[in-house]
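To start, the structure under review is shown below, and the notes come after it.
The values are calculated or read from the model by the stated rules, or taken from the named source; none is laboratory data. All figures in this text were calculated on a predicted structure; none of them were measured in a lab. Cβ placement follows ideal geometry from the backbone for every residue including glycine, while neighbour counts extend to all protein chains displayed.
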Amino acid sequence: MCGQEHIPAAIKADSLATPARVDDASIPSPAVIPSPSADALVINASSSAAGTPAILSGTAAQPGPRPAPARRLLTTLAAWYRLAVLCSRVQGRHRVVGQEPDAGQPVRIAEYELTTALLTARAALGRPQATFGEVRVLVRCHGIPVGQLEIPDSGDANAVEIPLMVKKQGLDQHECSHTWPVSVQERRSPASVVIPTRDRPASLDRLITSLRAVAATDIEFLIVDNAPATAATRDLVEAVGRADGRFRYLCEPRRGAARARNTGLAAAGGRAIAFLDDDTQVDQHWLPAILSGFDAADNVGCVTGLVLPDELTTSAQIWFEQYGGFGKGFERRVYDRWTRGSALYPYAAGAFGSGNNVAFDADTVRALGGFNEILGPGTPTHAGEDLELFTRTIRSGHRIVYEPSAIVYHTHRQQYGELLDQLRNYGTGLSAMLLAQATASPRELLEIMRRVPAGLLFLLLPRSSKNVSRGPRFPAELVLTEVLGIASGPFAFARARRAQLGGGDRSRSGEAEDHAR
């Protein structure tokens, strides 16, 4: 349903398909560099469907009484992949049965504004008549988030108990000197917002409704329809565009969220270019807040914002928040290549923010080559294109600013089976992202290999910062699912790379999944 006639002639997405190297101009990009280690992992799709992947590489050792190390490694990886496929099938049967671990009662989402003592609750779309056991309250001062409360939900008594809890925890001592709108330097105007989507008009309509409340006039909203199966998205955006000229419809017929993002990037005319997912809604102060992040330091190439749950009414949504969610806290942070972060820095790129709430300096992101189209939803790797670009931004010498006052609300997956798919995709995208960087240059390969032990501890230790927020009933299979996704990531990367080099499109789904952590 997406013809080339809908793409403006000025768009040249192919020019952004291959990210540029930032450490050494003489080193080819990840999309084109020959990678024996990656090619050795390419599997036969027909064989893997039967449960037995065939290694197509010619790197096997000569037959002998003792297998060569390379052959043993390939055999181990093949067995690893088969385990991932088997567990995926088991999870699929689990979803059909419909058994779902119970995370407890739903959680009410609310906000409390210090300057007006106003308490407001967000409507729960999934279960509007749910009985809530807890309330999660975002405390704000002139719209700036200063902290969060999690207390038992007392219904109408919340209006009395929450202000008392705010005082008890000292959140009312915040310096409330800020007022909106934030002044934005002229060099950040005009701005562009790119939204990749595929066949989710109802969710997109909610996002558009929140964007139409943005008062700025010197801004454009580019809705990029990615390999659509129907004309519903085009009809929606064109109808909105007739009433609000800031909205434009674009079409990217090739599957892949990274391709859709690059199509929007090529067409955008703003000096700052923000990216949102179609299952989010923006806060009323989102735009000036995220643009203000560019003025927090020199040489800022990227600004990320705070992502909060829109609702927590199902067990799957609660489990996702316990797994870590998208939130990165309530303090502004500035990152650069000299930041003294964790042992995984800068490759644990989820610490920088999320790709469903991010803005880039237009010149910077274009100089970096845009998003790596081997990665992300709509490709065999399923995720990782945003985190990979975060890492390249840091390694190129630019700064990333995390600005918590730039708030969007995300609708988490409602079903447990969808959550299993999501976490497996995240694991696949994570290892595929690391492999894409490792095959870019020997230097990056060594940097990543040095961090493998710390990465395993971070992933598996119960008291690591990744795992510490999980409740006692947290399902162990969610952890296993992500680990198995990590195991299958190298195979997925090899398939995606082979498809790109061959000019084919072998991806199974172009749906705009959540693809950031």
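Taken over the stretch 143-163, the criterion of being assigned to a helix (DSSP H, G or I) and β-branched (Val, Ile, Thr) is satisfied by VAL160, ILE162.
A quick yes/no check of all residues on (1) farther than 20 Å from ALA349 by Cα; (2) acidic (Asp, Glu); (3) surrounded by 15 or more Cβ atoms within 10 Å (Cβ to Cβ); (4) not assigned by TED's automatic domain parsing to the domain that holds TYR345:
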| position | (1), (2), (3), (4) |
| --- | --- |
| GLN437 | no, no, yes, no |
| LEU445 | no, no, yes, no |
| GLY455 | no, no, yes, no |
| PHE458 | no, no, yes, no |
| SER464 | no, no, no, no |
| PRO472 | yes, no, no, no |
| ARG497 | yes, no, yes, no |
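Any residue that is at pLDDT below 95, more than 18 Å from the chain's Cα centre (by Cα) and buried (at least 20 other Cβ atoms within 10 Å of the Cβ) - is there at least one of those in the stretch 411-418? Scanning the stretch 411-418, I find at least one residue that is at pLDDT below 95, more than 18 Å from the chain's Cα centre (by Cα) and buried (at least 20 other Cβ atoms within 10 Å of the Cβ), so the answer is yes. So which residues in the stretch 357-397 are surrounded by fewer than 23 Cβ atoms within 10 Å (Cβ to Cβ), among the polar types (S, T, N, Q) and not in a helix (DSSP H, G or I)? Result: SER396, single match. Apart from one condition, ASP218 fits all of (1) farther than 28 Å from GLY369 by Cα; (2) touching a residue at least 12 places away in the same chain (Cβ under 8 Å); the exception is (1). As for the stretch 296-309, it holds at least one residue that is surrounded by fewer than 22 Cβ atoms within 10 Å (Cβ to Cβ), assigned by TED's automatic domain parsing to the domain that holds PRO228, under 14 Å from PRO404 (Cα atoms) and more than 20 Å from the chain's Cα centre (by Cα).
Is it the case that the stretch 301-310 has a residue that's closer than 19 Å to ASP363 by Cα and of a type in the set (A, V, I, L, M, F, W, C)? Looking for residues that are closer than 19 Å to ASP363 by Cα and of a type in the set (A, V, I, L, M, F, W, C), one finds at least one in the stretch 301-310, hence yes.
ILE407 meets all of the listed conditions (1) out of contact with any Gly (no Cβ under 6 Å at 6 or more places or on another chain); (2) in a helix (DSSP H, G or I); (3) buried (at least 24 other Cβ atoms within 10 Å of the Cβ) but one, namely (2). Look at (1) assigned to a helix (DSSP H, G or I); (2) without any contact (Cβ under 8 Å) to a residue 60 or more places away in the chain; (3) under 19 Å from GLY370 (Cα atoms) and you find that ASP205 fails only one, number (3). Among the residues of the stretch 282-293, write down those that are surrounded by fewer than 24 Cβ atoms within 10 Å (Cβ to Cβ) and assigned to a helix (DSSP H, G or I). Answer for the stretch 282-293, where residues must be surrounded by fewer than 24 Cβ atoms within 10 Å (Cβ to Cβ) and assigned to a helix (DSSP H, G or I): PRO288, SER292.
Conditions tested, residue by residue: (1) under 24 Å from GLY429 (Cβ atoms); (2) under 18 Å from the mean Cα position of the chain (by Cα); (3) part of a helix (DSSP H, G or I); (4) not acidic (Asp, Glu).
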residue	(1), (2), (3), (4)
PHE221	no, no, no, yes
PRO228	yes, no, no, yes
ARG242	no, no, yes, yes
GLY245	no, no, no, yes
ARG248	no, no, no, yes
CYS251	no, no, no, yes
ARG259	yes, yes, yes, yes
GLY264	yes, yes, yes, yes
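All of GLY341, GLY329, GLY397 fail the test of being small (Gly, Ala, Ser) and within 18 Å of the chain's Cα centre (by Cα), apart from GLY329.
All of GLN437, GLN415 fail the test of being touching a residue at least 40 places away in the same chain (Cβ under 8 Å) and under 30 Å from ALA124 (Cβ atoms), apart from GLN415. Annotation: of all residues in the stretch 142-174 being under 30 Å from ILE290 (Cα atoms) and of a type in the set (Asp, Glu), the one that is modelled with the highest pLDDT is GLU150. Checking ILE318, ILE273 one by one, the residue that is in the same structural domain as GLY370 (by TED's automatic domain parsing) and either on the phi > 0 side of the Ramachandran plot or not in a strand (DSSP E or B) (or both) is ILE318 and no other. Here is the figure for the stretch 235-249: residues that are crowded, with 17+ Cβ neighbours inside 10 Å and either hydrophobic (A, V, I, L, M, F, W, C) or over 17 Å from ARG261 (Cα atoms) (or both) total 5.
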